[in-house]
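First the structure, in the form of structure tokens, and then the observations on it.
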């Protein structure tokens, strides 16, 4: 058994194949997921697991070069937006419309669905490198 890091085998497999500029999406329970996308559904019930718990776990396992979030989060989910800004203060933040965000998820290696039930609690992490 792994001693630390992500123990979910599906997420661990995706992260082990991550290369520079690859992306992974972490989504609230309402984000539509394209049939073509690899779906990793962690949701148990509304709020469980939370978006931030999943984000923190994945962020701790990968180098993040930049992030993409929906512009609508600024006006509709101040708490999650602030938490994202704090966690990613030193990386480039891309803001796109929610419609554009949904289109970008198809390029992700996986979409991880959380139990989060607050609006626009979605993020695309873009992999960086250690060197």
Query - the stretch 16-127 shape via C-alpha gyration tensor axes, a/c threshold 1.5 - result: rounded
Report summary line: Between residue 3 and residue 78, the FRET efficiency computed from the C-beta separation at R0 = 30 Å comes out, to the nearest 0.05, as 0.20
Query raised in the report: How high is the relative contact order of the stretch 26-123, given as a whole-number percent (alpha carbon pairs under 8 Å, six or more residues apart)?
Result: 58 percent
Query - Whole-angstrom Cα spans of the stretch 80-131 along principal axes, big to small - result: 34, 26, 22
Query - Net lengthening on full extension, residue 63/residue 21 (0.36 nm per residue, minus Cα-Cα) - result: 14.1 nm
Query raised in the report: Fewest first, what order do 17, 23 take by the number of other Cβ atoms within 10 Å?
Result: 17, 23
Query raised in the report: Exposure proxy check: 22, 41 ranked by fewest other beta carbons within 10 Å?
Result: 41, 22
Report task. Please give, to one decimal in nm, the separation of the simple spin-label points placed at residue 131 and residue 36, each 7 Å out from Cα toward the Cβ. Result -> 3.4 nm
Query - Mean Cβ neighbour count within 10 Å, used as a protection proxy, ranking 110-118, 85-93, 123-131 highest first - result: 110-118, 123-131, 85-93
Query raised in the report: What's the exposure ranking of 75, 53, 28, going from fewest to most Cβ atoms within 10 Å?
Result: 75, 53, 28
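The numbers here are math on the coordinates, done by the rules we state, and not lab data. Quantities reported herein were computed from a predicted structural model and do not represent experimental measurements. As a convention, Cβ positions derive from the backbone with ideal geometry for all residues, glycine included, and neighbour counts pool all protein chains shown.
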